[in-house]
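The values are calculated or read from the model by the stated rules, or taken from the named source; none is laboratory data. Everything numeric in this text was worked out from a predicted model, so none of it was measured. Cβ: placed from backbone, ideal geometry, glycine included. Neighbour counts: every protein chain shown. Surface areas here come from the heavy atoms of the whole protein model, side chains and all, with no ligands, DNA or RNA. Shrake-Rupley method; radii C 1.70, N 1.55, O 1.52, S 1.80 Å.
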Amino acid sequence: MTFREDGAAALEWAARYLERVGELPVLAQVAPGDVRRSLPVSPPEQAEPFADVLRDLDEVLLPGVTHWQHPRFFAYFSNTGAEPGVLAELLAATLNAVAIVWRAAPASTELELVVLDWLAQLLGLPSGWHGHIEDTASTSTVAALAAAREATGRRVVVCSEHAHSSVDKAARLLGLEVRKTPVDDELRLRPDALDLEDAAAVVATVGTTSSASVDPVPEIADRCEAAGVWLHVDAAYAGSAWVCPEHRWSQAGVERADSLVVNAHKWLLTPMDCSCVWTSRPEAFRAAFSLVPEYLRSSDEAENLSDYGPALGRRFRSLKLWAVLRCYGREGLQATIRDGVRLAHLFEDWVRAEPGWEVVAPRHFSLVCFRRDATDDENRALLDRVNATGEIFISHTVLEGRYVLRLAIGNARTTEADVRHAWDVLRREAGA
């Protein structure tokens, strides 16, 4: 078989998968170790045809895949790898550019700068901010907190008790202390409770992982400015919603941030991984990360994006974001966000109207936090039964000491029928 023939077979596999993913069990129907036991313990001695790889993808690996592309994947923050982005990943792998410095990958470097400016315009961010792409928000947070440490010389990070765990991990990597701040009755960080003594940074969250609560960024910014503290805004999930003007209420105060992260791979149709980070203080990022060895020095007067984050070798991630923005445009992205919010609103109404169920947190964007009017153990058992069906996949959290179910809508293939099916499964498994 030739590259063209194998490529055609792989593309056919991908197209067929996307057409039928809704028929597969959402959650992988395997036990720990099952996939590993079905693979050879040693590598092949002789070359094998690519057709065998596709065969084993179907027979060995696919049963162990939890299908994030499934229209009834409602766990965590679901996402969509849209077709233009999938194809762009193929092209990026074909080019195999390694953007260590501008000279090594001029198109990758410059397209990334342009695409991050495009996205900033679509989201209504301030003009003039410097943007670049990291793999995930975890890495973006490491970069931002390293810049904050460099700029302030301090070693304390302050955040809400509902901030993402990546803040704790970044602090551990950077040798920083984490100081948690209590939240109000809407699960938002309380600015009046901020202790900024010796603080390098405050991490404010727009769209927390557990409940999509929105911290009061304007008041937090006031406190940070008065204390000379770096303000990093984590909008990894909810920031995508700013493409719609009606959701920019949650952007209030963000223009005063020192750094900001929005994951295009969460709700902007871009395949994993593509975390967009902007800063109003790029010199602090360069001070924290710029380190050019002799073998990479040149006379080019050009910007090297490796100066803004921990990685030297950088993938051509901007190509897939560029493809998505061009093939969907502002209108297509807005339609995706609005439909997700509409469907979440429907689900919330069904829960509120059903005796024996409750919505337990304000609904923001496309996440609904709810539970059965029962014990924590009964809600935990309900989650296990629901997910074991393979018909839907939801996740959980703990809010104010109670076990809570989460249904997050974010896949562009999800329809009202899928959300109705999820509600039917929940009620059926609860014995309603």
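Side notes on the structure shown:
- Note that the stretch 92-106 has calculated 3J(HN,Hα) couplings of 5, 5, 5, 5, 6, 5, 10, 8, 6, 9, 3, 4, 6, 7, x Hz, one per residue in order, obtained from phi through the Karplus relation 6.51 cos²θ - 1.76 cosθ + 1.60 (θ = phi - 60°); glycine and proline are x.
- Cα centroid separation - the stretch 101-133 against the stretch 241-318, whole Å: 8
- For the chain, leaving out every one of the GluC sites (Glu not before Pro) that falls in a DSSP loop and has at most 13 other Cβ atoms within 10 Å, the longest unbroken run is 46-160.
- Highest-MSF residue in the chain out of Ser165, Ser213, Ser108 [GNM, Cα springs under 10 Å]: Ser165
- Largest-first ordering by accessible area, 1.4 Å probe, given options Tyr328, Tyr295: Tyr295, Tyr328
- Label-point gap, in nm, between Ala47 and Glu177 - each point 7 angstrom along Cα→Cβ: 6.0
- For the chain, the 222 nm mean residue ellipticity estimated from helices alone, with every DSSP H stretch of n ≥ 4 adding -39500 (n - 2.57) and the total spread over all residues, rounds to -12500 deg cm²/dmol.
- Surface/4 estimate of mean projected area, convex hull on alpha-carbon atoms of the chain, nm²: 23.0
- Kirkwood Rh, angstrom, the stretch 69-136 [1 / mean 1/r, Cα pairs]: 14.5
- Summed residue charge, Cβ within 9 Å of Asn379's Cβ, Lys/Arg positive, Asp/Glu negative: +1
- The alpha-carbon of Lys180 sits under 20 angstrom from the alpha-carbons of these lysines, leaving out residues fewer than 8 places away in its chain: Lys169.
- Among beta bridges identified by DSSP and lying wholly in the chain, the antiparallel ones come to about 60 percent.
- Surface share of carbon and sulfur [accessible, 1.4 angstrom probe, percent] for the chain: 52
- Net charge contributed by nearby residues that have their C-beta within less than 15 Å of Glu19 (K/R +1, D/E -1): -1
- Largest first, the residues Thr270, Thr139, Thr94 sort by 1.4 Å accessible area into Thr94, Thr139, Thr270.
- Long-range HN-HN contacts of Thr205 with modeled amide H, under 5 Å: Asp215, Asp234
- Percentage of interatomic Cα-Cα distances in the stretch 154-273 larger than 20 Å: 38
- Per-bin percent of Cα-Cα distances, the stretch 93-173 [5 Å]: 3, 12, 16, 18, 19, 17, 11, 4, 1
- Global geometry of the stretch 234-391, whether rounded, prolate or oblate, following the gyration tensor of its Cα atoms and the 1.5 cut on a/c: prolate
- Thr136, Thr279, ranked by accessible area, largest first (probe 1.4 Å): Thr136, Thr279
- Protein heavy-atom accessible surface, 1.4 Å probe, per residue over the stretch 71-136: 41 Å².
- Hz values of 3J(HN,Hα) by residue in the stretch 76-83 - Karplus curve (6.51, -1.76, 1.60), Gly and Pro given as x: 6, 10, 5, 9, 9, x, 6, 4
- Accessible surface, per residue, of the stretch 8-58 when the full set of protein chains is kept, probe 1.4 Å, Å²: 74
- In order along the stretch 159-164, phi translates into HN-Hα couplings of 7, 5, 5, 9, 5, 5 Hz, rounded to whole numbers, per the Karplus curve 6.51 cos²θ - 1.76 cosθ + 1.60 with θ = phi - 60° and x for Gly and Pro.
- For the stretch 272-315, the pair-distance distribution built from all alpha carbon pairs, in bins 10 Å wide starting at 0, is 23, 54, 22, 1 percent.
- Applying Stokes-Einstein at 37 °C and 0.692 mPa s to the Kirkwood radius of the stretch 6-158, computed over alpha-carbon pairs, gives a translational diffusion coefficient of 165 µm² s⁻¹.
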